[in-house]
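Student: One structure, as C-alpha cells, below. Some questions next.
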Amino acid sequence: MGELSRTGISLEHDLLEGFDALIAKRGYKNRSEAVRDLIREALAADAVAANQTVVGTLTLVYDHHVPNLAQRLTEAQHQGGALVLATTHVHLDHHACLEVILLRGQSEQLKAMADQMLAMRGVELGKLVMTTAGLTRSHTHDHGHPDAG
Ligand code: NI
C-alpha cells in the first residue's frame, strides 16, 4: 500500500446512515476500507470506459455438441487481439461445458472478443467481467502472493 493520506468529507446524515447500514451488511469493519473500495471500483470502471489495458474473465456455458463450436471458440481466442492468459474448462454434464477465459488487453478488445464468442450458436450463457490490476494500488506482495520475494 502507498503512503496514506487523510481526507474528510461532508455528507447528509441520512446518506451516511444508509452507507453505514450498507457496509455493515457487506461486512466492512470501518468506513475507510469501504470508501477505498468504492474509489477503486470507480477507477476500474473509468479504465474500462477509457479503453485502457485491463484484465478480465469471460465465463461461457456452451453445448459442445454444436458442430465446430469448440474450434470456432478457439479461433476467436487466437485472433481476437486480447491476450488469453489461461482457460479453465469443466465438463458440466453430457451437453454443457463451462469455460472461464482469463484475458488481458484493451477493454474494447476484450469486449469485441467476448461479443464474438457470446453470439456463437451453442453458447448459451456468458458474461465478461473486467477490472484493473496495479493501477489503483501499489503491489507490495504483503498478502502472501506466490511470487513474493
Ligand atoms: Ni466440456
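Student: List the number of the failed condition for Thr88; all other conditions in (1) farther than 25 Å from Gln106 by Cβ; (2) out of contact with any Phe, Trp or Tyr (no Cβ under 8 Å at 6 or more places or on another chain); (3) at pLDDT 95 or above hold.
Tutor: All conditions are met except number (1).
Yes/no per residue for (1) in contact with a helix residue (DSSP H, G or I) (Cβ under 9 Å, 6 or more places away or on another chain); (2) within 15 Å of the ligand (Cβ to nearest atom):
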residue: Ser32; (1), (2): no, no
residue: Glu41; (1), (2): no, no
residue: Ala44; (1), (2): no, no
residue: Ala49; (1), (2): yes, no
residue: Tyr62; (1), (2): yes, yes
residue: Gln71; (1), (2): no, yes
residue: Thr74; (1), (2): no, yes
residue: His78; (1), (2): no, no
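Student: Okay, moving on. Would it be correct to say that Leu43 is hydrophobic (A, V, I, L, M, F, W, C), assigned by TED's automatic domain parsing to the domain that holds Gly81, touching a residue at least 24 places away in the same chain (Cβ under 8 Å) and surrounded by 12 or more Cβ atoms within 10 Å (Cβ to Cβ)? Before the answer, list the steps.
Tutor: Working: hydrophobic (A, V, I, L, M, F, W, C): yes; assigned by TED's automatic domain parsing to the domain that holds Gly81: no; touching a residue at least 24 places away in the same chain (Cβ under 8 Å): yes; surrounded by 12 or more Cβ atoms within 10 Å (Cβ to Cβ): yes.
Criteria not met by Leu43.
Student: For region 18-67, which positions are over 14 Å from the mean Cα position of the chain (by Cα) and hydroxyl-bearing (Ser, Thr, Tyr)?
Tutor: Tyr28, Ser32, Tyr62
Student: Out of all the residues in region 83-119, which are within 16 Å of the ligand (Cβ to nearest atom) and touching a residue at least 40 places away in the same chain (Cβ under 8 Å)?
Tutor: If the condition is that a residue be within 16 Å of the ligand (Cβ to nearest atom) and touching a residue at least 40 places away in the same chain (Cβ under 8 Å), then Glu99, Val100, Ile101, Met117 are the ones that fit.
Student: While we're looking at this one, here's another question. Do we find a residue being among the aromatic types (Phe, Trp, Tyr), at negative phi and outside any helix (DSSP H, G or I) anywhere in region 15-25? Give the derivation first.
Tutor: The first filter runs over region 15-25 and keeps only residues among the aromatic types (Phe, Trp, Tyr), leaving 19.
Within this subset, residues satisfying the condition of being at negative phi are 19.
Retained after the next criterion (residues that are outside any helix (DSSP H, G or I)): none.
No; the residues of region 15-25 include none that is among the aromatic types (Phe, Trp, Tyr), at negative phi and outside any helix (DSSP H, G or I).
The values are calculated or read from the model by the stated rules, or taken from the named source; none is laboratory data. All values reported here derive from a predicted model rather than from experimental measurement. Every residue, glycine among them, receives a Cβ derived from its backbone with ideal geometry; neighbour counts consider all protein chains shown.
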